[in-house]
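Notes for the one structure printed next.
The values are calculated or read from the model by the stated rules, or taken from the named source; none is laboratory data. Note that the coordinates shown come from a computational prediction; the quantities given were computed from them, not determined experimentally. Every residue, glycine as well, gets a Cβ built from its backbone with ideal geometry; the counts of neighbours run over all protein chains shown. To get the accessible areas, we keep the full protein, side chains included, count just its heavy atoms, and leave off ligands, DNA and RNA. Shrake-Rupley method; radii C 1.70, N 1.55, O 1.52, S 1.80 Å.
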Amino acid sequence: MSHPSVSCIVILAFLVLGSTVADVSNQIDVDAIRDRLSANLTLPSMEEVERMLREKCTAAGAPDDAYENAKEAAMTFVECGQGLIDIGQFQQEVEAAKPTGDLDTVFNKYCRKRSILIECVNTFANAVDPCLESEEKVFKTSGLDIFKNLLNFVCHKDGDQIALFIAEKGPECFLEQKDDLIACFNETFSGYVPETTLTTIPKLVIGPKQCEDFKKLQTCMVRELEQCDESTPANLVESLFRYIKKGSPCANNAGR
């Protein structure tokens, strides 16, 4: 089976986010996320994740302390994210700002913290570096660039674009077209995702085939989002794809 690429994982996360951000709750609904994944795909337990990480470090020939360092870095990274944003509070702030048109103020508040998040990501990436294979280490820089471009996109003019996405019924558009968007994903990247459960941490690489599939996914998703009443969600998602591509090996490929 082919390995999933980072772009595949990013888009899966974007689909989940787009279809759940319209729901206001005090915590992330894991069951809701599971419902949006493949019917037969089960999320691994924390114990299974730790086993896969240990095996990956061993396979890469990492030093004896690499696994513990990577595990500690992962916990620190999660704590960093939790310290920067409380999901429940954030969603409540978004809902409160919608009627007054002050969404940009909410995103401005959180976007000012992005430099801290970038530093947390860099620290985590450096900690797991010994557990990566040589080709993954080459890709790591591109992966970090992709992440930074995503933040730059979301926080353009202190969150103006994401505020516009929500104001122009972007989340509602995602929910309306959810089935078709999932079909887009299945038509292009279903072969990268295990049918039942994840048993090993995938190799994070991007090659010509992944770039081609990424472009197909972009075309399909934008086409389906264009069916919504507002054109803004489709336009912003297409721009998002371009930003992802900009920081990846696919940037040198022909086409948009």
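Leaving out ligands, DNA and RNA but keeping every protein chain, what accessible area does R51 have, in Å² rounded to the nearest 10, with a 1.4 Å probe?
90
Any idea how far apart L84 and R112 come out in nm if each label point goes 7 Å out from Cα toward Cβ?
About 1.6 nm, to one decimal.
Would any residue of the stretch 163-185 have its amide N under 15 Å from a label point 7 Å out along Cα→Cβ of E230? List them or say none.
163-177
Take peptides 164-172, 66-74 and line them up by average Cβ neighbours within 10 Å, highest first, as a rough protection proxy.
Going by the mean number of other Cβ atoms within 10 Å, highest first, we get 164-172, 66-74.
Leaving out ligands and nucleic acids, and using a 1.4 Å probe, what accessible area per residue does the stretch 100-145 come to in Å²?
54
Kindly report, to the nearest 10 Å², the accessible surface of K148 as traced by a 1.4 Å probe over protein heavy atoms only.
Taking all protein chains as shown, K148 has close to 70 Å².
In whole percent, and with a 1.4 Å probe on the protein chains, what portion of the accessible area of the stretch 202-254 is carbon and sulfur?
46
With all protein chains present, calculate the accessible area of T188 using a 1.4 Å probe and round the result to the nearest 10 Å².
20
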